[in-house]
Amino acid sequence: MKTNNRSGHTLLSIILVVALSACASKKNVVTDTVYNPSDSRAAIIADALGKYTDWTSARVNGKLKESSLPVNPSLKIYMKRGTDLTLSASAVFVGEVFRLELTKDSLFIVNKLKKEYCKESGEKLKEIYPTLCEELQSLLLGRMIVPGSGPLSESNISKVEITMENEMRKVAPSLGDLPIAPSAFYMLDSQGRITDLVVEGESGRRIFAMDYDWKGDGGVDLTAVVSKKGKPMEIEIDLDKPQWGAQPLSPFKLGGGYKRVSLKDFLKSVGMGVK
């Protein structure tokens with residue numbers, strides 16, 4: 001049982017670090033395409049966006065890996081563009097141990113082993129982070145975002161700065177007044193895909209980094225490193241190629257015996273207490 005509680009803890013860590021830290025990263029295969037440092041910002045962004053598959057819904061299966069876990073929980077992720085994100089984690093011989101459902105209207109998280117759940121209203125979510133759902137979807141699909149302004153698009157390219165670094169493009173989104181960190185940036189490979197996303201604290205100290213290692217079959221291995229109490233914690237998520245036009249996961253039915261707790265208490269219960 002302890003093993004599976006750890007699985008939920010690790011999974012929630014990834015979700016909240018990526019979402020609330022506002023935002024993430026990757027590593028890729030480089031081709032022999034040559035970048036022209038004089039390319040305009042609009043042309044560079046248009047080139048990257050042009051490689052994205054248009055979509056309305058998607059499902060991604062994968063595995064969660066973390067050194068302290070004796071087993072690797074399997075993951076199922078369903079997304080309806082801009083509105084819904086459902087994530088389910090299952091362990092061998094136990095079945096589903098964790099469920100997260102994020103919509104425009106609510107955040108619902110369940111720890112099935114502890115029989116605890118929390119639910120936050122859409123209004124509260126909007127106060128905390130109004131573009132959370134669509135930004136998290138983009139990051140899971142390996143797409144750039146401008147924190148607080150949604151996925152990177154032609155409408156918000158004025159909020160990014162592009163420079164060259166070691167023959168790769170470095171894209172730094174403006175964080176505006178968001179209480180995230182002083183700076184963040186993506187590195188893009190020659191195909192316009194994100195290879196890394198780094199969030200830096202004071203004095204350039206890395207507080208979060210995610211590496212995207214793209215696989216030949218269209219899947220991606222994510223490696224996230226977050227600084228927790230001054231110590232690095234590494235988590236890996238191996239994701240298969242997205243299944244476009246997918247159907248939602250089976251709905252979760254909250255049976256008897258579950259206790260509703262606040263988000264703060266839920267985080268404490270899985271070892272992620274916040275002040």
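What follows is calculated from the coordinates using simple rules that are stated; it is not laboratory data. What you see is a predicted model; the values in this text were computed from it and never measured.
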Pairs Lys104/Lys264; Lys119/Lys264; Lys104/Lys124: which are spaced more than 18 Å apart, C-alpha to C-alpha?
-> Lys104/Lys264
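Could you give the length gained by full extension between Lys264 and Lys51, i.e. 0.36 nm per residue of separation minus their alpha carbon distance, to one decimal place? Working shown, then result.
Numbers: separation 213, 0.36 × 213 = 76.68 nm, distance 3.94 nm.
Contour length minus the Cα-Cα distance gives 72.7 nm.
Averaging the inverse of every distinct alpha carbon separation and then flipping it gives the Kirkwood radius. What is it for segment 75-146, in angstrom units? Can you show the working numbers first?
Working: mean 1/r = 0.0769 Å⁻¹.
Across segment 75-146, the inverse of the average 1/r is 13.0 Å.
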Segment 250-262 - phi-based ³J(HN,Hα) in whole Hz, Karplus 6.51/-1.76/1.60, Gly and Pro as x = 4, x, 8, 9, 7, x, x, x, 8, 10, 7, 10, 6
Note on segment 68-194: the mean projected area of its alpha-carbon convex hull, in nm², is 10.5 nm²
